[in-house]
Amino acid sequence: MDRMLYVAMNGAQQILRAQTVVSNNLANAATTGFRQDLATMRSQPVIGDGLPTRVYAMAERSGVDFTAGGIETTGRDLDVALKTDGYLAIDDGRGGEAYTRAGNLRIDGGGRLMTADGHVLLGERGPIVIPPVDKLDIAGDGTISILPSGETNVVALDRIKLVRPAAADLMKGADGLLRSKSGAAAAPDASVQLVPGALEGSNVNTAHALVSMIELARRYETQVKLMSAADDAARSTDRLMSLS
């Protein structure tokens, strides 16, 4: 009975891990530019002396769904969506470069152009700092043009660093940001285009995620019933042994 109990216990544990992935996707269904995580199960034999006697399931985040989300027009000067494959390059706050498609930008008290979650946006000349301006425009190629306060001539300040690394070369961190697996910064790609005054939504299919949550909950209940059955069988065996 220990094998039955072990298999059911392990199954319940891995289903809970898969539920964590789906729950995180659901929680970010309204997050700008969010890319949902994918969860899969794989069989893993228990390695020990001799041949494996047990095989358990292991849930793992197998990757990221890079499907684009829908684009919604906002009309806000600091909102940008990516029209093509590619990413905005940002400072990840740890001395490295990370990538995102969340284009809901803001300017902090020091004039730095940042993402909504507080990461500094990178330009082709480094971190982008906006001086006092009367007007700011972001072009489709990422060029930032400003009309400095008190002046009459529009000047090009910098160009947002837009990159297009291959999906296979990216990994997603616990902070939700994408980074290069090699740790090297991606080169700017002039073919990446923006849609000014718009935002890209999350690519989470809420209905599909809810169905997955229900299916996982039912599978968890099945594993719990199996554990209960294994316990009942063990108790029955003990009673029979005590009578002999």
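The values are calculated or read from the model by the stated rules, or taken from the named source; none is laboratory data. All of these numbers come straight from a predicted model, not from anything done at the bench. Neighbour counts are summed over all protein chains in view; Cβ atoms, including those assigned to glycine, are modelled from backbone coordinates with ideal geometry. Only protein heavy atoms, including side chains, enter the accessible area calculation; ligands, DNA and RNA are left aside. Shrake-Rupley method; radii C 1.70, N 1.55, O 1.52, S 1.80 Å.
Some points to look at:
- For R94, the test of being under 13 Å from L177 (Cα atoms), among the basic types (K, R), within 20 Å of the chain's Cα centre (by Cα) and open to solvent by 60 Å² or more (accessible area, probe 1.4 Å) is passed.
- Any hit, the stretch 60-71, residues being under 20 Å from V204 (Cα atoms), part of a loop (DSSP other than H, G, I, E, B) and either more than 17 Å from the chain's Cα centre (by Cα) or free of Cβ contacts under 8 Å to residues at least 60 places away in the same chain (or both): no
- The set of residues in the stretch 150-168 that are in contact with a strand residue (DSSP E or B) (Cβ under 9 Å, 6 or more places away or on another chain) and small (G, A, S) comprises G150, A156, A167.
- Of residues in the stretch 168-185 being touching a helix residue (DSSP H, G or I) at 6+ places or on another chain (Cβ under 8 Å) and in a loop (DSSP other than H, G, I, E, B), the one most open to solvent (accessible area, probe 1.4 Å): K181
- Scanning the stretch 97-118 for residues that are touching a residue at least 40 places away in the same chain (Cβ under 8 Å) and open to solvent by less than 30 Å² (accessible area, probe 1.4 Å), we see that the one that is nearest to D158 (Cα to Cα) is G103.
- Yes/no for R159 being modelled with pLDDT of 95 or more and either of a type in the set (D, E, K, R) or in a strand (DSSP E or B) (or both): yes
- Residue in the stretch 132-151 that is open to solvent by 70 Å² or more (accessible area, probe 1.4 Å) and modelled with pLDDT under 90 present: yes
- Test: S242 is of a type in the set (S, T, Y) and in a loop (DSSP other than H, G, I, E, B): no
- Test result for E200, farther than 30 Å from V120 by Cα, within 30 Å of the chain's Cα centre (by Cα) and among the acidic types (D, E): no
- Subset tally (residues that are surrounded by 12 or more Cβ atoms within 10 Å (Cβ to Cβ) and either over 21 Å from A18 (Cβ atoms) or at pLDDT below 90 (or both)) for the stretch 186-218: 13
- Residues of the stretch 106-136 that turn out to be touching an Asp or Glu at 6+ places or on another chain (Cβ under 7 Å) and part of a strand (DSSP E or B), as a count: 6
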